[in-house]
């Protein structure tokens, strides 16, 4: 095992995160008390990586940039064509380093910083208070500053949860940030630099109710927020993906490390198929892999999951010899140029 590389990129889970040295003083955070890493009960990693994640190894340049981001406690901006595995990188790191379930923040043109940090439902709170008062036979209107059970109506978002003071860094996937409104990358600057944020609704109560239990976006997750402030202990490993469809402001880029994922070669495609469908499927799909690589090097647009779908369909029949012509035709349609019209 390489002594500098914490993340080896071979898909084999280990506890090497303990070898990560303390951060540089300009990236040190003192949130607490420390929280344990929640168990990963989701199927997200298995869906993304397959049943045998060790089959698909990452490239050395990518591995080194992942480790640099871990050492420097900086976000990693991952660019590349659609379907090359940008989002899967977050799941690979979480799986190998045993960092718990990936926190996923899918970005759209309507996404705001507040969406990533937390969600507060004052209308639901007021409605439930009115129902409770009505059931108790009271007729007065609920006071808007009623402090009871505010945590039941406040849920930390993916970014907000990732910045809780976990002992181990959590993995946060900010997917397709290039789709965001023009202001979001700049809005993220202070949060990514300081590793903390405030919850306005709880800050107002800090003098009377310094500790409030709120929900997190982990499955059945709850945590206590003190004085309306959240600060990380271990800065999360943040993967921001981009299809390279826009430019980002220099101040944002300065706070990130960057890596570009190339399209997987034939060996990597074979490993991906083996991870999802087994070694036998990968061996039988050798010709299909070569055909896919040849198409991809020409004109047109193709994505890796097209190949996975075609291989699955090609060998999905209980009697592949009898259905070979039909399955070949269906696979051909699946492997069409993404910009071409569908079959009639």
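Return a yes/no flag: does segment 333-340 have any residue that is on the phi < 0 side of the Ramachandran plot and in contact (Cβ under 8 Å) with a residue 60 or more places away in the chain.
The answer is no; no qualifying residue exists.
Out of 219, 198, one residue alone is surrounded by fewer than 17 Cβ atoms within 10 Å (Cβ to Cβ) and within 16 Å of the chain's Cα centre (by Cα). It is 219.
What about residue 172, is it in contact with a helix residue (DSSP H, G or I) (Cβ under 6 Å, 6 or more places away or on another chain), surrounded by 21 or more Cβ atoms within 10 Å (Cβ to Cβ), assigned to a helix (DSSP H, G or I) and assigned by TED's automatic domain parsing to the domain that holds residue 28? Considered against the rule, which asks whether it is in contact with a helix residue (DSSP H, G or I) (Cβ under 6 Å, 6 or more places away or on another chain), surrounded by 21 or more Cβ atoms within 10 Å (Cβ to Cβ), assigned to a helix (DSSP H, G or I) and assigned by TED's automatic domain parsing to the domain that holds residue 28, residue 172 comes out as no.
Within segment 146-178, the set of residues being more than 19 Å from residue 226 (Cα to Cα) and at pLDDT below 95 is empty. Selection of helices (runs of 4 or more DSSP H) fully inside segment 17-124 by the criterion of at least 3 residues being within 19 Å of the chain's Cα centre (by Cα) and farther than 23 Å from residue 261 by Cα returns 113-117. Name the single residue that is surrounded by the fewest Cβ atoms within 10 Å (Cβ to Cβ) among those in segment 63-86 being in contact with a strand residue (DSSP E or B) (Cβ under 7 Å, 6 or more places away or on another chain) and at pLDDT below 95. Here the answer is 80.
Can you name the residue in segment 223-240 that is part of a strand (DSSP E or B) and either surrounded by 17 or more Cβ atoms within 10 Å (Cβ to Cβ) or touching a residue at least 40 places away in the same chain (Cβ under 8 Å) (or both) and, of all such residues, is farthest from the chain's Cα centre (by Cα)?
Taking segment 223-240 as the starting set, the residues that turn out to be part of a strand (DSSP E or B) are 223-226, 229-231, 237-240.
Those left that are additionally either surrounded by 17 or more Cβ atoms within 10 Å (Cβ to Cβ) or touching a residue at least 40 places away in the same chain (Cβ under 8 Å) (or both): 223, 225, 230-231, 237-240.
On the way: 223: 21, 225: 23, 230: 20, 231: 20, 237: 10, 238: 8, 239: 7, 240: 8 Å.
The residue in question is 225.
Quick check on segment 249-263. Is at least one of its residues in the same structural domain as residue 59 (by TED's automatic domain parsing), free of Cβ contacts under 8 Å to residues at least 40 places away in the same chain and more than 20 Å from the chain's Cα centre (by Cα)? Checked against the condition, which is being in the same structural domain as residue 59 (by TED's automatic domain parsing), free of Cβ contacts under 8 Å to residues at least 40 places away in the same chain and more than 20 Å from the chain's Cα centre (by Cα), segment 249-263 yields at least one hit. Candidates in segment 320-337 are the residues that are at pLDDT below 85 and in a loop (DSSP other than H, G, I, E, B); of these, the one that is surrounded by the fewest Cβ atoms within 10 Å (Cβ to Cβ) is 321.
The values are calculated or read from the model by the stated rules, or taken from the named source; none is laboratory data. Since the model is a prediction, treat every value here as computed from it, not as a measurement. Quick reminder, even Gly has a Cβ in these numbers, built from the backbone with ideal geometry, and neighbours come from all protein chains shown.
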